[in-house]
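Please read the structure below before turning to the comments.
The values are calculated or read from the model by the stated rules, or taken from the named source; none is laboratory data. Everything quoted here is computed from the prediction, not taken from an experiment. In this analysis, Cβ positions are derived from the backbone assuming ideal geometry, glycine residues included, and neighbour counts consider all displayed protein chains.
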Amino acid sequence: MLNQSLKVSVRNARPADAGEIAEVFRDSWRLAYTGILPSPHLEREIMRRDANWWRRAISTEQNLLVALHGETIAGYATCGRARGAGRDVGEIYELYLAPVYQGLGIGEHLFEACRATLDGLDLERLIVWALEGNDRARAFYTRCGGRPTRRSCFRFGKALSARIAFEW
C-alpha cells in the first residue's frame, strides 16, 4: 500500500548519484543476501559495484531510476525489455532500498515508476525474479500483485541457488 503522506519522488539517476547508489546497493545486498549467497561472492559483488561502476552504469542505462526521500536517495531500480522473454514483456532487473527505508512504502513508488516506464515502451506484461530465500522480496512482489509462475536454478560461485519469477 502506497504511503501517500511520505514525501517521495522518483527520477532518472544522474552521475552525481553514483556514490549514494553504491551505498544503497551495499547495504541492501548485505541485508537481503547474507546467509543466502556465499559470503565471498556477496562481498566481491559489493566491491565490484563501487561508485565508479555506478557512474558508468548511469551513463549507459536509460532506465536507472532513483527514489528520493527529500534529497536523499532511498533506493534505485533498473528496468527494460525482459531478458529471454517475449517481445511484449518488460522486466524489473533490480529494485533495492536502503534498509532504513524498507517498509515505508517507498518501494511501491519505485515499483510503480518502473511499471510506468515499461508501459511507455509498450510492454504489456511484467516479470521480476527474486531469490527463493529472499522472503522480503517475495512478500513485496506478492503485495504488489505479482504471482509466482516459475522457478529456475543458477550458480553463484560454487553454490546452486533458486529464483522465483513473479509476473503481472
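Per-structure values
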{"quantity": "Unmet requirement for GLY105, which otherwise passes all of (1) surrounded by fewer than 18 Cβ atoms within 10 Å (Cβ to Cβ); (2) in contact with a strand residue (DSSP E or B) (Cβ under 8 Å, 6 or more places away or on another chain); (3) farther than 22 Å from VAL8 by Cα", "calculated": "(3)"}
{"quantity": "Residue check for GLU112: out of contact with any Leu (no Cβ under 7 Å at 6 or more places or on another chain), without any contact (Cβ under 8 Å) to a residue 12 or more places away in the chain, more than 28 Å from ARG44 (Cα to Cα) and among the acidic types (Asp, Glu)", "calculated": "no"}
{"quantity": "Given (1) modelled with pLDDT under 95; (2) hydrophobic (A, V, I, L, M, F, W, C); (3) touching a Lys or Arg at 6+ places or on another chain (Cβ under 9 Å); (4) farther than 14 Å from GLU167 by Cα, number of the condition ALA85 does not satisfy", "calculated": "(4)"}
{"quantity": "All positions within the stretch 58-84 that are surrounded by 16 or more Cβ atoms within 10 Å (Cβ to Cβ) and of a type in the set (Gly, Ala, Ser)", "calculated": "ALA67, ALA74, GLY75, ALA77, GLY80, ALA82"}
{"quantity": "Test: residue in the stretch 147-161 that is of a type in the set (Lys, Arg), touching a residue at least 24 places away in the same chain (Cβ under 8 Å) and out of contact with any strand residue (DSSP E or B) (no Cβ under 7 Å at 6 or more places or on another chain)", "calculated": "yes"}
{"quantity": "Helices (runs of 4 or more DSSP H) enclosed by the stretch 20-123 - at least 2 residues per element that are among the β-branched types (Val, Ile, Thr) and out of contact with any helix residue (DSSP H, G or I) (no Cβ under 6 Å at 6 or more places or on another chain)", "calculated": "106-120"}
{"quantity": "Filtered residues of the stretch 134-167 (kept if of a type outside the set (D, E, K, R) and buried (at least 16 other Cβ atoms within 10 Å of the Cβ))", "calculated": "ASN134, ALA137, PHE140, TYR141, CYS144, GLY146, PHE156, SER161, ILE164, ALA165, PHE166"}
{"quantity": "Residue that is of a type in the set (A, V, I, L, M), at pLDDT 95 or above and in contact with a Ser or Thr (Cβ under 9 Å, 6 or more places away or on another chain), where the choices are LEU95, LEU42, LEU31", "calculated": "LEU95"}
